[in-house]
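One structure below.
The values are calculated or read from the model by the stated rules, or taken from the named source; none is laboratory data. Source: prediction; values computed, not measured. No Cβ is skipped: glycine too gets one built from the backbone with ideal geometry, and neighbour counts run over all protein chains shown. Each accessible area value is taken on the protein alone, full model and side chains, heavy atoms only, with ligands, DNA and RNA left out. Shrake-Rupley method; radii C 1.70, N 1.55, O 1.52, S 1.80 Å.
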Amino acid sequence: MLRTVIQTHEMTKTQIKNFSDLSRAFTILERDMSQAIPRSVRDEYGDPMPPLMLSTGPYFVEFTRTGWSNPIGLARSNLQRVAYRLNEEGELERHFWLVLDRAEDSEPITQIILSDVEDFRINLISEDGESTDVWPDSDTNQLIPSAAEVILQTKAY
């Protein structure tokens, strides 16, 4: 009976950790995506990049967001360029740059926000309700979509 209680406790602890990790990842994604703004940037070579890019570049999704807190008052923008991708090890990575318009030596800072990810997809929804998995969409003049559907599958969920 004691062994059963210990096994149940360990399984419960694992499930709580898995759910907590998933909840944290969605909180970060929601925070970033809800603050997306239509601000274009320049890449390392000075070429313009759209405010939001989905499935068109080295990252799965990349966009500009507002609300980058600056508690110690550094001389920098409150805007931030962020990107997400799923690496080969099944980890969902969040990348961000310290500057919006990049120089040739601008490197992103990488954070692992979730492990054991099997699938990560985003569908964007335009003003007219059309769903797409590529952005910028040639059928619309919108700079950023009206809504996003995030599909995330992990080994646990």
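Taking label points 7 Å from Cα along the Cα-to-Cβ direction, E107 and I151 give a separation of 3.5 nm. Ligands, DNA and RNA are left out, and with a 1.4 angstrom probe the accessible area of the range 1-145 is 61 Å² per residue. Measuring nothing but protein heavy atoms, the accessible surface of the chain at 1.4 Å probe radius is 52 percent carbon and sulfur. When the helices of the chain are scored as -39500 (n - 2.57) per DSSP H run of n ≥ 4 and the total is divided over every residue, the value at 222 nm lands at -7500 deg cm²/dmol. Projecting label points 7 angstrom from Cα along Cα→Cβ for T56 and K17 puts them 4.1 nm apart. Across the range 146-156, coupling constants 3J(HN,Hα) worked out from phi with the 6.51/-1.76/1.60 Karplus curve, θ = phi - 60°, read 7, 8, 9, 10, 9, 10, 10, 10, 10, 5, 7 Hz, and Gly and Pro carry x.
Along the Cα-to-Cβ line of D128, 7 Å from the Cα, sits a label point; which residues in the range 142-157 have backbone N less than 13 Å from it? The answer is 142.
Can you compute the modelled spin-label distance between E10 and R76, with each label point 7 Å from Cα toward Cβ, in nm? That separation, rounded to one decimal, is 4.3 nm. For D101, the amide hydrogen comes within under 5 Å of the amide hydrogens of R42, counting only partners 5 or more places away or on other chains and with H modelled in the peptide plane. Given a Förster radius of 30 Å and the C-beta distance between E30 and R3 as r, what FRET efficiency does 1/(1 + (r/R0)^6) yield to the nearest 0.05? Calculated value: 0.15. 3J(HN,Hα) along the range 84-94: 10, 7, 9, 7, 5, 7, x, 10, 7, 9, 10 Hz, from the Karplus curve 6.51 cos²θ - 1.76 cosθ + 1.60 with θ = phi - 60°, whole Hz, x for Gly and Pro. Here semi-axes √(5λ) of the Cα gyration tensor in Å was calculated from the structure, and among (1) 28, 25, 15; (2) 33, 20, 14; (3) 22, 18, 17 it sits at label (2).
For E118 and E88, the difference between the fully extended length at 0.36 nm per residue and the C-alpha to C-alpha distance is 9.8 nm.
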